[in-house]
Structure formats: C-alpha cells, structure tokens
Amino acid sequence: MKKRISKILSIAVAAIMILSLAACSKAGTNQQPTANPEPTKSSSGSTKPTEGPTQKEPSTISVLMTGDNTPAPDNIVLKELSKRTNVNVDMIYISKNDLATKISVMTASDTLPDVFPLSGSEAIEYRDAGLIANVEDLLKEYGPNILANLGDSLKKAAANKDGIYLILDAKLPYCMQLNMRTDWLKNLGMELPTDLDSLYEVYYAFTYNDPDKDGKDDTFGLAVGADPGGFATVFGAYGIPVARNSVKNILLDDKITIGQKHPHYLEAIEYIRKLIKDGLVEPDWGTIPNMDMFSKLWNGIAGAIEWECVGPTNNWMPSRYVEDPAPTFDFPVIVGPYGDKGTAAAYFSYSTGYVFNAKCKDLASAIRLCDYCMTEEGNELLYLGIENVMYKWINKEEGTFEYLGEYKDTAVHRAAGGYCYATFFAPTNRTEERILNKQTREGVAKARALGIDYPVIIQPLQTRIDYGSDMDSILQEMYVNLLVTEEDVKTVYDRYIAEWEKAGGLEWEKEATEQYWREQGR
Ligand SMILES: [Ca+2]
C-alpha cells in the first residue's frame, strides 16, 4: 500500500515538475509569491488591483474532508462559517472510502485543495516533494487556538521535525474504565469495590446473591468478550496499560517490549482465570460478538462492563436498557497489590491530521479559518449548527440543548450542514464531549486522569509492517489459551512468547527500542 502511494506520488511529482517547468518557460518568471504582489490576472481573466488591508475581499479557501453525510452544497452552516471568519469556504465533502483515490487524482492533476487530510507517513512524502506548506511561523500569528490545543504535540509528529506541516487531530480518545451497577450494589448492601479482593466479592454477589431481587438465578458479574480490553482495569491494577483491542507496549529495563512481558502479567491472568473458573463473567466470553455482549448489560443479566463510559452512561442511557427504572452506574477505581490503577492513557494521534497546500494563495486566511474551527464556538457551529436558529442551549454548563423547528429532523439538520463538519479542526474540548451528560463527562475525565503512561513510537516500524499481523495473532491466541488452559500457565506462556519472538518479536523489540530512544533524543 505504502509503496503504491509512493509510486503514484512520484509520478505525480514528476508530472507537476514538467507542468511547472512549462509554465515557467512560458511566463518567463518564477511563481514565488512576493510580499507586495503586482496586480495579477485572476482565473476569470480580469485584472484586479492590489487591495489595501482594510478593504480586503475575503479569500476563497478550498477544504477537503470526509464524512458519512450529504450536506447541501451551499448550506447555512458553511455560509455562517464564511461570515464569521471572513473566508469563503469552498468545502469538498467526500466519503472516507474515496479519500485515497481523490487525493491521488488531485495530486496527479495538480488540483489539491488549500487544506486537506493526510496520514503522517503521507505528510512526510508530500513535504519532501514540496507540495505542502511549512506553517510554523504563520501559526504563531493566525493559529493561537491550534497552538493552545496541540502545543508541543505538534513537534512530535514525524513530518514536523523541521517546521510544522501536519496539524494533528486534537481529539483525545476515551479511556477504558469499569462501569458498575450501583442499584445492584445497593440491593446487596455493598459498597463500590476498591481493590481486587472486593472486586471479586462484588462479582461473586452479582452472580450468586440475586442482585436484581427477582428470586431467580439469572445474573452474573461482568459482560466481557475475548478482547483483553474487557479486563483493562484488572490489567491496570497490575500496572499494565491496556486499551480497547490493544495491550500497549511498555519500557522494561530501558527496552521497548510488549505489555504481555510485564513482570506482573501472569498475576493478572491468574486473577482473570479465577473469575472465569468461578462463573462470575460472561460464560461465552471467548466467542461472543460485541453487540450480544452489550445486550447482557442492557437486559439486566450482567452487572458491570469494562468500556468507555460514553457507552453505558450516555449513549445507551436510557433507551438501550430494558429495565424501568434504568440501571444506575458508577466507576470504581481498583488498586492492585503493588499500588497500580487505571487503564492505558489517552494520547493524540501523531499520525493523522490536515496539511496546507504549498500553493495556497492565502495561507494566513486558511489558517485563520482552521483556527476558528478549533474554538469551542466554532466547533459548536459545526456540530450543533447556528444557535437559536437550528438549536438552543437548555443549560450550557450541563451540556443540555434542543434542536429547533425543522432541525429536530436529523436529515434536515445535516442537510443544512449541522454535524457534518464537526470533526474538522475540532478542539480537544469538543462539542461532542461537552454535550455528554454530567456523570459521563466526569467519568471521561476520571478515566483520563487515571491513564497509565506508556511509550509511543511515532515512526512506522518496518518489523511491524513485515510481521505485525502474525505477531498479533500469536498474542491474541496466547491470551485466550492462557485463560482456559488446563496445563501449567507459565509453560503455556513461555511457549507462546518463544513463538512470538521467533515470528519477528525479537527483531521488532530491537528496532522499536532503537527507534524509541532516537525519537526521545538519546
Ligand atoms: Ca435474579
């Protein structure tokens, strides 16, 4: 894939070089912008005088972004955005599946828009080909909100070693956490668990002590599947950073390795084995699809789930739950035997974002536009729409609002431009999080505050490209087998780790460690 893109790009760059050479020889001048440009011919052919700064007409800035909606081309949200920023926004909105092709075609035909999304490795190629702008100096003047949101993180992107080319997505992921039914705890006269022993006692009581008081043996402790993320809090109690679908890397004696090699990994495994053996968790955990796993929580069968709390206490609340009244939840913090707690920390993605076309005629306006989108006010416009026309706040502090009139219809709201552009230069404190209910917002903050730090390697590693999928499937198979094996757990573990090391793991550890310390400046 990477090779293919490089090839397309090098062809495109060659084509552009030929085109620009032709243009130069024809015009007899170079095309570098100057501080005080002479009157130039616009594309329509009319000659426009240079305007003074006070009466400057708004520039048109073209933007490419992806989404799953179908906003009307000239909708009121874009018009409002243009008005507020004094920039005419020319939005090209396409399906995510079409992005790679669209960028390739636009690159080849030299029609890239002023602002467009690129992955980190593509950004390096485009930077080296001279296609995207270094906006480091302009950001200081026109991008205060971008800098306030992303700050030092910008320099961590591999494309930004000698300038700032790639503006990262300011979104922070949600962290995994334990969501536990407090109405069941109340029925049982129990408190929120605080350590692994009291957690076991709660799961035991949720399974065997009729927490829903219906006289039937019809419940268990935890809704969970085969993803280690379903026990992220247990791993975290042993200091191992685990997120949804990923056990993170760790630093062990200054060397990068997998979280599965953490010295307390098998202790966490033994604890989980006991929960399974004693029947306290989803019995079909090895094979159950996510939706079926969730439904055990929604139907009052499971009393807890490890998931980002945005699901259990906000998005699913109350409509997904069959009980009336709906269950109540809290987020217990489980401290392990060595004092560890939490789940894998939330970091910005260092490899996705937007870039500015090196040929953009008004980079200052392009950055001003994007910077406004990275304010709470700008993101409110792009998510909720125009205040008091499309929506109104009921209680802004509480994050409650209502859509107005025809905009109550989601299709009408999105056709008018509401929601569609909400991810474009969204700030970290984005509207999507600000309209979560209070308990969920507090839960999100609590989970992030308890994040377990782990080493991040920014540059893609060749050993991951070569052996990544083989290595990952060995580790996933190991996890499931460790939880069910009748053999000695350590023997099984050693066998799988040896297999992983042979399948590329040792090579990966070497490359990852070297690359990590290089990126840390050692
Ligand atoms: Ca029962």
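Derivation of every value follows stated rules applied to the coordinates shown; laboratory data play no part. This structure is a prediction, so every number in the text was calculated from the model and none was measured. Positions of Cβ are backbone-derived with ideal geometry, glycine not excepted, and every protein chain shown enters the neighbour counts.
Calculate, in nm to one decimal, what residue 153 and residue 491 gain on full extension: separation in residues at 0.36 nm each, minus their alpha carbon distance.
Values: separation 338, 0.36 × 338 = 121.68 nm, distance 4.23 nm.
Fully extending the segment from residue 153 to residue 491 adds 117.5 nm.
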Q. Hey, can you list the DSSP H helices of the chain whose Cα span along the axis is 30 Å or longer and whose average Kyte-Doolittle score is at least -0.5?
A. 2-27, 462-484
Q) Long-range amide H contacts for residue 358: which residues qualify at under 5 Å (H placed 1.01 Å from N, peptide plane, sequence gap of 5 or more or a different chain)? A) 132, 133
Q: Give the Debye-formula value of log10 I(q)/I(0) at each listed q (0.09 Å⁻¹), with one equal scatterer per alpha carbon of the chain, two decimals each.
A: -0.79
Q: Towards the positive end of the charge dipole of the chain, with charges on Cβ (+1 Lys, Arg; -1 Asp, Glu), say which of 101, 301, 327 has the farthest Cα.
A: 101
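Taking 8 Å as the Cα distance limit and 6 or more residues as the minimum spacing, I'd like the relative contact order of the chain as a percentage.
Details: 871 pairs, mean separation 104.1, N = 522.
Value for the chain: 20 percent.
Just order 192-205, 458-471 by mean Cβ neighbour count inside 10 Å, highest at the front, would you?
Working: 192-205: 18.0, 458-471: 15.1.
Order by mean packing, descending: 192-205, 458-471.
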Q: Tabulate in residue order the Karplus-calculated ³J(HN,Hα) for region 339-352, using 6.51 cos²θ - 1.76 cosθ + 1.60 with θ = phi - 60°, rounded to whole Hz; enter x for Gly and Pro.
A: x, 7, 7, x, 9, 3, 5, 9, 10, 4, 7, 8, 10, 9
(Q) 5 Å is the cut-off here: which amide hydrogens, built 1.01 Å from N in the peptide plane, fall below it relative to residue 246, excluding neighbours closer than 5 in sequence? (A) 229
Q: Determine the calculated [θ] at 222 nm for the chain from helices alone, applying -39500 (n - 2.57) to every DSSP H run no shorter than 4 residues and normalising by the residue count; nearest 500 deg cm²/dmol.
A: -12000 deg cm²/dmol
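About the Cα centre of region 295-433, what is the dipole size in debye to 20, counting +1 per Lys and Arg Cβ and -1 per Asp and Glu Cβ, all else neutral? Please report the intermediate quantities before stating the final value.
Values: 11 positive and 19 negative charges, 107 e Å.
Dipole of region 295-433, to the nearest 20 debye: 520 debye.
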**Q.** Scattering curve values for region 396-510, log₁₀ I(q)/I(0), Debye with Cα scatterers, q = 0.10, 0.24 Å⁻¹
**A.** -0.65, -1.29
Q | Ranked by how many other beta carbons lie within 10 Å on average, peptides 308-316, 366-374 from highest | A | 366-374, 308-316
Q.
Could you order the peptides 377-386, 82-91 from most to least packed, using the average number of other C-beta atoms within 10 Å per residue?
A. 377-386, 82-91
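Using unit Cβ charges (K, R positive; D, E negative) and no other charged atoms, how large, in debye to the nearest 20, is the dipole of the chain about its Cα centre? Let's see the in-between values first.
On the way: 53 positive and 74 negative charges, 418 e Å.
Value, rounded to 20: 2000 debye.
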Q: Please list, in chain and number order, the residues 5+ apart from residue 92 or on another chain whose amide H is under 5 Å from its amide H, with Hs placed from the backbone.
A: 63, 64, 65
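Cα-Cα over 31 Å: which of 56/408; 171/248; 102/408; 213/438; 83/359; 341/490?
Numbers: 56/408 38 Å; 171/248 19 Å; 102/408 33 Å; 213/438 29 Å; 83/359 24 Å; 341/490 24 Å.
Beyond 31 Å between Cα atoms: 56/408; 102/408.
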(Q) Taking just the alpha-carbon atoms of region 170-216, what radius of gyration and Dmax come out, in angstrom? (A) 13.8, 50
